[in-house]
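Heads up: the structure comes next, in structure tokens.
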Amino acid sequence: MELQDVEVMAEGLVFPEGPVAMDDGSVVLVEIMASRVSRVAPDGSVSVVATTGGGPNGAAIGPDGALYVCNNGGLTRESRTAASIQRVDMETGQVDQLYTEWEGRPLQAPNDLVFDETGRFWFTDHRGDGIFYASPDGKSITRAVGRVRGPNGIGLSPAGDVLYWAETPTRQVHRRRLSGPGSLIEVPPYGVVTFIQGGTPDPWTVVVGLPGVQEFDSLAIEEAGSVCVGTLLDSGVTVVDPDDGTYEKYTLPPGLEDPAVTNICFGGPDLRTAYITCSVTGRLVACRWPRPGLRLAYQEIPAG
């Protein structure tokens, strides 16, 4: 299904990802290969918010109005630094390192994050194959799930009781039920090893798997609960119904194709403006989405 009325908000960006829709109509995003956080104004002008070093990836506004960034440590030898979770002051551009390790082990490549209503956040470590839960003060980090394969995008259901994540190499979206903030209900991993070991895995934990030359990147959730995942190679935005696992793909119109449609976020007064990063061609595009997106726990910058 082809997206309609797609507008190019900005181009010439250096591998953009992690868009965050702001309440003034601008979009804050990262430029991974330029090691910076930038802001795209409604008129398309681009300004630098902060220089982070490394490879800034997923981003989200926290309860204090700061921008929290997953830094994968850099994708080239020249940009390489310690992988980390960073806090960026949106007014001054100051960058603080919150986490570079957990239990004495270094983070490998933090990729994406989502805040819950308590003000803490979940994040994925793409090369570390883990899902983590942390506080924004830099004082508490735990690994909630291990042995996941290349976790990328992450999100919470509208009720906040289900955690979703996308895995790039498996082309799957997974989910786990939550018993409370930061607390996953334990189930055996869904895979043949669990069967071999005599366990009984829960097939509900796998939402969907894609065929062919498609890989999953980051994700966002619609107000009604569908999961919208940036899709690479045979690219677009794949929208998955978590109730039955059915899905459809929205593609960019001719002339705006990109093999790396990486991220989507929702903004505007009715949350029906979709902002999509096209990372290879360096574009941020916007379009009217057919349904409203889910309002995030911290969708807007607090006043004052």
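Taking Lys and Arg as +1 and Asp and Glu as -1, the other residues whose beta-carbon sits under 13 Å from that of G150 total -2.
With the convex hull drawn over the C-alpha atoms of the chain, the volume per residue is 132 Å³. Here segment 7-288 is treated with +1 on each Lys and Arg Cβ and -1 on each Asp and Glu Cβ, and its dipole about the Cα centre works out to around 780 debye.
Most tightly packed first, judged by the mean number of other beta-carbon atoms within 10 Å of their residues, the peptides 283-291, 123-131 read 123-131, 283-291.
The mean sequence distance of close C-alpha pairs (under 8 Å, at least 6 residues apart), as a share of the length of the chain, puts its relative contact order at 17 percent. Here the contact order of segment 233-288, divided by its residue count and restricted to Cα pairs under 8 Å and six or more residues apart, works out to 24 percent. Mind running the shape call on segment 153-283? Use the C-alpha gyration tensor, a ≥ b ≥ c as the square roots of the eigenvalues: rounded below 1.5 for a/c, prolate if a/b tops b/c, oblate otherwise. The shape class here is oblate. Highest mean packing first, where packing is the average number of other Cβ atoms within 10 Å per residue, the peptides 142-150, 59-67 line up as 59-67, 142-150.
Residue ranges 151-161, 251-261 sort as 151-161, 251-261 when ordered by packing (mean number of other C-beta atoms within 10 Å per residue, highest first). Segment 234-304 and segment 126-148 have Cα centres lying 25 Å from one another.
Its Cα gyration tensor gives segment 1-101 an equivalent ellipsoid, and the semi-axes of that ellipsoid, as √(5λ) in whole Å with the largest first, are 23, 16, 12. Close amide H contacts of R36 (hydrogens built in the peptide plane, cut-off under 5 Å, sequence separation of 5 or more or a different chain): E31, T52.
Only the coordinates and a few stated rules stand behind these numbers; no lab work does. Fair warning: this is a prediction, and the values are worked out from it, not measured in the lab. A quick note on method: Cβ atoms are made from the backbone with ideal geometry, for glycine too, and the neighbour counts reach across all protein chains shown.
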